[in-house]
Amino acid sequence: MTASTGFPIELLKQTATQRLAYFESYTVAHPRLKEAYEALIRAIAEPAGASFIFVYGPSGIGKTTLRMRVEQKLIQQILLTLESDRGRVPVVGIEAVAPESRNFNWKDYYTRALIALEEPLIDQKFDYGVRGIYRDIFGQISIESKVVAPALRRALENALRYRQPDVFFIDEAQHLGKMASGQKLQDQMDCLKSLANMTGILHCLLGTYELLTFRNLSGQLSRRSVDIHFRRYLPDIPEDIQAFKSVLLTFQHQMPLEEMPDLVTHWEYCYERTLGCIGILKNWLTRAFKEALDEGSATVTLKHLQRRSWSVAQCQRMLKEIQEGERQLSETDADVQNLRTALGLGEESIHLREEPSVSPRRQGKIGKRKPKRDPIGVQQDAK
């Protein structure tokens, strides 16, 4: 490397394809990603009775990058154990595929999960009534189309018990909600909940704000789930803008070009067309970088960015969906007061919660109570 670049300087002598591949594989450990990463690692290490972890965020925020980083960490933590227990898989991850029809395809889901687990003894485990699951001549799992969903479900349960992953990731989990009715939506989560309960395996669902549909389907689900909000950078928070600029600076240093682009100067335009989402930013910069390479340009210019940016209409649509999701995850004083009212608690506790324990403007004699309404159902000490 050189003092003026962040990439290996020898990349400049390599092909455009190799330089593009380097930039595509590069990720930035920015504050929002670190925040979500640490929260997810803690939740997996100590779920405290939870069966599910929900990770919500805008499309293009970087949830897949988050998942990959957590997977790497979990694998590193268990490497020594794997030496003595080679049948174990520390973490499993699949993507929930959007259904072609109105109903989610559970048979396809179970099949993909089994393949992801790569259960080495799957054929022996299903001699008792389940046929059509075997390994081909290449050692890969083969599942015949005649195998029905309930049989695949039993196969997956046994595979999960045998493999004992710390967590089962479901990326793009909002696709689980592609159902024709609300009742079937409840059935979806009941199916996953029973799978988690019967195997004892923690499930982590990562998705867009559409995943919020599952959030409060039942009180039991709410009690047994952990929420993690992977937030975007906001324009009215100075620390967020500084972090966004820092990410831009890092990316411009990591583009293997003869002349380093000046992305930070155009940070407002970059924010405008990415809505503060680093995943969207990375995809956009990758396309602009490729165009610069195709043209033989020495650097990425504003014109390259403009030609590869999302339209205003596309940004407005994405922003509308993001703001609605953020609104659903926000917690206002009114929300807290509504809960307290429903519980039969008064407003005084809210005021006490907001005030410091010792008020500098306190008036009256020490030891003498101010006139106020006592809480109902609580016996007061004798004065």
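The values are calculated or read from the model by the stated rules, or taken from the named source; none is laboratory data. A quick note: this is a predicted structure, and the numbers were derived from the prediction, not measured. Note that each Cβ is placed from the backbone with ideal geometry, even for glycine, and that neighbours are counted across all protein chains shown. The protein model used for the area step is the full one, side chains on, heavy atoms only, and it has no ligands, DNA or RNA in it. Shrake-Rupley method; radii C 1.70, N 1.55, O 1.52, S 1.80 Å.
Would you work out if region 140-289 is rounded, prolate or oblate? Take a ≥ b ≥ c from the square roots of the eigenvalues of the alpha-carbon gyration tensor; rounded if a/c is under 1.5, else prolate when a/b is larger than b/c, oblate otherwise. Don't jump to the answer; show the numbers that get you there.
Numbers: a/c = 2.83, a/b = 1.99, b/c = 1.42.
Prolate.
How would Y26, Y110 rank on accessible area, largest to smallest, probe 1.4 Å? Can you show the working numbers first?
Working: Y26 60, Y110 10 Å².
Ranking Y26, Y110 by accessible area, largest first, yields Y26, Y110.
Would you kindly find the accessible area of V148, with a 1.4 Å probe and non-protein molecules such as ligands, DNA and RNA excluded, rounding to the nearest 10 Å²?
Only protein atoms counted, so the area is about 80 Å².
Would you list T27, T265 from the most to the least accessible area, probe 1.4 Å?
Details: T27 60, T265 90 Å².
These residues rank, largest area first, as T265, T27.
Does region 59-107 come out rounded, prolate or oblate, given a ≥ b ≥ c as the square roots of the eigenvalues of its C-alpha gyration tensor, rounded meaning a/c under 1.5 and, failing that, prolate meaning a/b above b/c? Show your work: numbers first, answer last.
Details: a/c = 7.47, a/b = 1.74, b/c = 4.29.
The shape class here is oblate.
Would you kindly find the accessible area of T64, with a 1.4 Å probe and non-protein molecules such as ligands, DNA and RNA excluded, rounding to the nearest 10 Å²?
Accessible area of T64: about 60 Å².
In nm, to one decimal, how far is the Q316 label point from the T27 one, both placed 7 Å along Cα→Cβ?
So the label points at Q316 and T27 sit 3.4 nm apart.
May I ask which of K107/K178; K73/K245; K63/K282; K282/K303; K13/K73; K13/K290 have a Cα-Cα span longer than 22 Å here? Intermediate values should be presented prior to the final figure.
On the way: K107/K178 15 Å; K73/K245 27 Å; K63/K282 13 Å; K282/K303 17 Å; K13/K73 34 Å; K13/K290 16 Å.
Distance filter (> 22 Å) returns K73/K245; K13/K73.
Calculate, for T64 and E347, the FRET efficiency according to 1/(1 + (r/R0)^6) with r their C-beta to C-beta distance and R0 30 Å; round to the nearest 0.05.
Working: r = 44 Å, r/R0 = 1.47.
Once the sixth-power term is evaluated, E becomes 0.10.
Put D335, D240 in order of accessible area, largest first, 1.4 Å probe: what do you get?
Numbers: D335 75, D240 10 Å².
So, going from the largest accessible area down, we get D335, D240.
Just the accessible area for M198, please: 1.4 Å probe, Å², rounded to the nearest 10?
100 Å²
Would you work out what percent of the accessible area of region 1-85, with all protein chains in place, is carbon or sulfur (probe 1.4 Å)? Present the calculation step by step, with values, prior to reporting the outcome.
Values: 2480 of 4580 Å².
The C+S portion of the solvent-accessible surface of region 1-85 is 54 percent.
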